[in-house]
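> Sharing a structure with you now.
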Amino acid sequence: MRLELNALGKRFGENRALRDVTLSLPDFQSLAIIGPSGGGKTTLLRILAGLALPDSGSIAIDGQALEFSEAALLAHRRSIGTVFQAYNLFPHLTARENVLLPLVRVHGVPVPEAEAIVAALFERFQLSRYAQQRPAELSGGQQQRVAIVRAIAIKPRFLVFDEPTSALDPEMTAEVLDFIAELRDEGRDLIIVTHNIGFARRVSDRCLFIADGQALEEGPTGVMFDRPQHPQLAGFLERVLRY
């Protein structure tokens, strides 16, 4: 996929979360967005997902301008899969129902077709044994896997992940990261905000470094990590890879 940003700006009160970000990313399959906390990563991701409005600027995805009318944003949100830090599963529904109901009620898929889609995905990703359990009965890693399956059930244009393992312990983190890597290996397009630099290097073919609301460096992941050009990126990598 391709991504173009032109003078993209976003402010929260006195805080300028994004400062006139302009960049053009050539074809990529998996983009990792990295940088220090509070630098603007999640704000950019939420705008790309249609969950937040920029104050200024424009976005084009695969050459198509993203319109910021409510109708256009609703259609955009329904065309992509979004995975959050906190899973966002309905606690009173089973794992199966959490995937089935959005297909039927939001996307208008007939019930028999939706049931077949869910059954195939749960079988494909080894979740069938958990289908009738509610979120409280699942581990964090299992909940996040259900949330990811819910995101891909709609056959999205691409998937966006906002720190998908930040609430997980190391073992569960590895489980979810392997799951996401599997999706990447299947050829799905991904945009991932992550603090896990090792995972970013493994799963992304392109990387974007954001700090202080600015896009300071972007390029092929291996090149950026091995030969960072911007001093802030070099310092950031030195800090996070020290231990």
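> Working carefully through the options G57, G50, G39, find the one that is assigned to a loop (DSSP other than H, G, I, E, B) and on the phi > 0 side of the Ramachandran plot.
Testing whether each residue is assigned to a loop (DSSP other than H, G, I, E, B) and on the phi > 0 side of the Ramachandran plot leaves just G50.
> A further question on this structure: Scan region 176-188 and tell me whether some residue there is hydrophobic (A, V, I, L, M, F, W, C) and over 22 Å from L100 (Cα atoms). First the steps, then the outcome.
Quick first cut of region 176-188, residues hydrophobic (A, V, I, L, M, F, W, C) only: 176-177, 179-181, 183.
Those left that are additionally over 22 Å from L100 (Cα atoms): 177, 181.
Yes, some residue in region 176-188 is hydrophobic (A, V, I, L, M, F, W, C) and over 22 Å from L100 (Cα atoms).
> While we're looking at this one, here's another question. Please work out which residue is nearest to V149 (Cα to Cα), limiting yourself to region 71-117 and to residues that are out of contact with any strand residue (DSSP E or B) (no Cβ under 7 Å at 6 or more places or on another chain) and polar (S, T, N, Q). Break it down into steps so the answer makes sense when it comes.
At the first step, the residues of region 71-117 found to be out of contact with any strand residue (DSSP E or B) (no Cβ under 7 Å at 6 or more places or on another chain) are 71-79, 86-117.
Adding the requirement that they be polar (S, T, N, Q) leaves 79, 88, 94, 98.
Values: S79: 15, N88: 13, T94: 14, N98: 10 Å.
Of everything passing the filter in region 71-117, N98 is nearest to V149 (Cα to Cα).
> Hey, another quick one. Taking region 188-202, which residues are modelled with pLDDT of 90 or more and over 12 Å from I33 (Cα atoms)?
R188, D189
> Applying the selection to region 124-175, what residues are touching a Phe, Trp or Tyr at 6+ places or on another chain (Cβ under 7 Å) and of a type in the set (D, E, K, R)?
Answer for region 124-175, where residues must be touching a Phe, Trp or Tyr at 6+ places or on another chain (Cβ under 7 Å) and of a type in the set (D, E, K, R): R145, D162.
> On the given criteria, is I197 in contact with a strand residue (DSSP E or B) (Cβ under 8 Å, 6 or more places away or on another chain) and either within 24 Å of I61 (Cβ to Cβ) or surrounded by 19 or more Cβ atoms within 10 Å (Cβ to Cβ) (or both)?
So I197 fails the test.
> Something else now. Which members of region 106-154 meet the condition of being in a loop (DSSP other than H, G, I, E, B) and either among the acidic types (D, E) or more than 29 Å from H76 (Cβ to Cβ) (or both)?
Across region 106-154, the qualifying residues are Q126, A131, Q132, Q133, R134, L138, S139.
> Among the charged types (D, E, K, R), under 17 Å from the mean Cα position of the chain (by Cα) and surrounded by fewer than 17 Cβ atoms within 10 Å (Cβ to Cβ): does that describe R2?
Working: among the charged types (D, E, K, R): yes; under 17 Å from the mean Cα position of the chain (by Cα): yes; surrounded by fewer than 17 Cβ atoms within 10 Å (Cβ to Cβ): yes.
The answer is yes for R2.
> What about R206, is it of a type in the set (K, R), within 17 Å of K41 (Cα to Cα) and touching a helix residue (DSSP H, G or I) at 6+ places or on another chain (Cβ under 8 Å)?
Answer is yes for this residue.
> With the structure loaded, tell me whether L8 is among the hydrophobic types (A, V, I, L, M, F, W, C) and surrounded by 14 or more Cβ atoms within 10 Å (Cβ to Cβ) or whether it fails that test.
So L8 fits the description; yes.
> Okay, next question. Out of Q144, Q133, Q85, which single residue is farther than 24 Å from L18 by Cβ, in contact (Cβ under 8 Å) with a residue 60 or more places away in the chain and surrounded by 14 or more Cβ atoms within 10 Å (Cβ to Cβ)?
Within the list Q144, Q133, Q85, the selection yields Q144.
> Between a residue in region 202-226 that is under 20 Å from L5 (Cα atoms) and in contact (Cβ under 8 Å) with a residue 60 or more places away in the chain and any residue that is hydroxyl-bearing (S, T, Y) and not in a helix (DSSP H, G or I), which pairs come within a Cβ distance under 7 Å, given they are 6 or more apart or on different chains?
S204/S30; D205/S30; T221/S204
> Right, next: Being out of contact with any helix residue (DSSP H, G or I) (no Cβ under 9 Å at 6 or more places or on another chain), part of a helix (DSSP H, G or I) and not aromatic (F, W, Y) narrows it down to one of V176, V223, so name that one.
Going through V176, V223 in turn, the sole match is V223.
> When A65 is evaluated against the numbered criteria (1) in contact with a strand residue (DSSP E or B) (Cβ under 8 Å, 6 or more places away or on another chain); (2) of a type in the set (A, V, I, L, M); (3) surrounded by 17 or more Cβ atoms within 10 Å (Cβ to Cβ), which criterion, by number, is the only one it fails?
Going through the list (1) in contact with a strand residue (DSSP E or B) (Cβ under 8 Å, 6 or more places away or on another chain); (2) of a type in the set (A, V, I, L, M); (3) surrounded by 17 or more Cβ atoms within 10 Å (Cβ to Cβ), A65 breaks only (3).
> Any idea which of (1) surrounded by fewer than 21 Cβ atoms within 10 Å (Cβ to Cβ); (2) modelled with pLDDT under 90 is the one T165 doesn't satisfy?
T165 satisfies all of (1) surrounded by fewer than 21 Cβ atoms within 10 Å (Cβ to Cβ); (2) modelled with pLDDT under 90 except (1).
The values are calculated or read from the model by the stated rules, or taken from the named source; none is laboratory data. Note that the coordinates shown come from a computational prediction; the quantities given were computed from them, not determined experimentally. Reconstructed Cβ throughout: ideal geometry from the backbone, glycine too, with neighbour counts over all protein chains shown.
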